[in-house]
Amino acid sequence: MANISKPDLRPANPRFSSGPCAKRPGWSLEALNDAALGRSHRAKVGKSKLAQAIDDTREILGVPADYRIGIVPASDTGAVEMAMWSLLGARGTDVLAWESFGAGWVTDAVKQLQLKDVRTFDAPYGEIVDLAQVDFDRDVVFTWNGTTSGVKMPDGDAIPANRQGLTICDATSAAFAQDLPFDKLDVVTFSWQKVMGGEAAHGMLILSPRAVERLESYKPSWPLPKIFRMTKGGKLIEGIFKGETINTPSMLCVEDYLDALSWGKEIGGLEALKARANANLKVVEDFVSANDWIGFLARRPEIRSNTSVCLTFTDPDLAAAGEDAQAAFAKGVASLLEKEGVALDIGAYRDAPAGLRIWCGATVEASDLEALMPWLAWAYDQQKAELAKAA
Ligand SMILES: Cc1ncc(COP(=O)(O)O)c(C=O)c1O
């Protein structure tokens, strides 16, 4: 028998997906009225919107003036692979992974690029690699916030300021929610659909002066498709970093990103965006500490994400029931909540341990998470009753 009755309150917005993420509070299609539709992205209006997107990104994220920021094809994946294909191979490479997306970059380095001198480091879901083992005089590829495990870098302290290698950092689910120490990062990538709730389309590629130096002094032995090419005649194509995109961008997506950035500035910039994600995580943390049947995949708070928050059911009956039963239980909880219309897309990622993943980035309202928490308890109770019936 289930014991908990359905909560009265429902989240006003049930969208807790980890990408595309919820639009900013108050968003509607009207925000896109000013889009330069049907116009060339090379016309004055298009170019100035693309340049604005770059300038606002720099302002909010605090990107140093001597770092380049480019809008590139194929979302975050495009930006990461463009960097890997263009920069790696000049020296040894360490690739770090503690969840599925990091593991994807390992595959790129080892199986696709087939780098000659590559070391890989991995950690199980919920943990992070031992950063003291990493050699930052080699190039290092890693994901700042592992979206599928909810484990983030604690900070940039393990990365020496005077490193010889380049650090290539996939920061797609960290940017705008966590501090990114740009002095420790040579390549930073992200896409618009995460913390800012923009549209998935284009990638952002941020390059340090040392990354640019590598681009201009090193030519990989493999061919580079046109959408990866950032240099011409051994010189950086500066236009890419002023809004002259390599190929045609969606001006509708650009408008939407500009809207998201303008909201970010209006509420107080990076500090306010981070504070919103932190407050959201706190709602889940309070719930987890009050309930012994649920826990974080990332047990250690210093590596726990404030965006992609991953939860597992710690109920001992379930732990004893085995992996398949746990997965079925977690799916049952997520689908009950979806059916009730109180939480959409909160099942754990397909490669991750069974559980739930609740996006806590800046566009999510803490009040919606507060309304959701009693529903978690309700759905858990419903599923437990089902299990008891089946036994
Ligand atoms: C850490 C990380 N890297 C890469 C990606 C792929 O991003 P995109 O689909 O924007 O290329 C994601 C998407 O969720 C991600 O979370």
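Just so it is clear, none of the values below were taken in a lab; they were calculated from the coordinates. Everything numeric here is computed off the predicted structure, so don't read it as measured data. All Cβ positions, even for glycine, are placed from backbone atoms using ideal geometry, and neighbour counts span all protein chains on display.
Details
- Radius of gyration over Kirkwood radius for region 243-391, both on Cα atoms: the Rg/Rh ratio is 1.07.
- Most positive-pole-ward Cα, PRO316, ILE267, ALA35, against dipole of the chain from beta carbon charges: ALA35
- Cα gyration tensor category, rounded, prolate or oblate, for region 54-131 with a/c compared to 1.5: prolate
- Treating each Cα of the chain as one equal point scatterer and applying the Debye formula with no solvent, the log10 of I(q)/I(0) at q = 0.10, 0.14 Å⁻¹ comes out as -0.66, -1.19.
- Compactness relative to 2.2 N^0.38 Å, alpha carbon Rg of region 109-231: 1.10
- Cα gyration tensor, region 217-264 - rounded (a/c under 1.5), prolate or oblate: prolate
- Folded to 0 to 90 degrees: helix 251-267 orientation relative to the chain principal axis, Cα: 70 degrees
- Helical runs assigned H by DSSP (4 residues or longer) give the chain a calculated mean residue ellipticity at 222 nm of -11500 deg cm²/dmol, each run adding -39500 (n - 2.57) before division by the residue total.
- Residue by residue, region 186-198 carries 3J(HN,Hα) couplings of 9, 9, 10, 10, 6, 10, 7, 7, 8, 4, 8, x, x Hz when phi is fed to the Karplus relation 6.51 cos²θ - 1.76 cosθ + 1.60 (θ = phi - 60°); x denotes Gly or Pro.
- Sites listed here are trypsin sites (Lys or Arg not before Pro) in region 256-333 whose DSSP assignment is loop and whose Cβ has at most 13 other Cβ atoms within 10 Å: ARG299.
- Three-way shape label, region 197-296, alpha-carbon gyration tensor, a/c 1.5: prolate
- Net dipole in debye of the chain [+1 Lys, Arg Cβ; -1 Asp, Glu Cβ; about Cα centre; nearest 20]: 1260 debye
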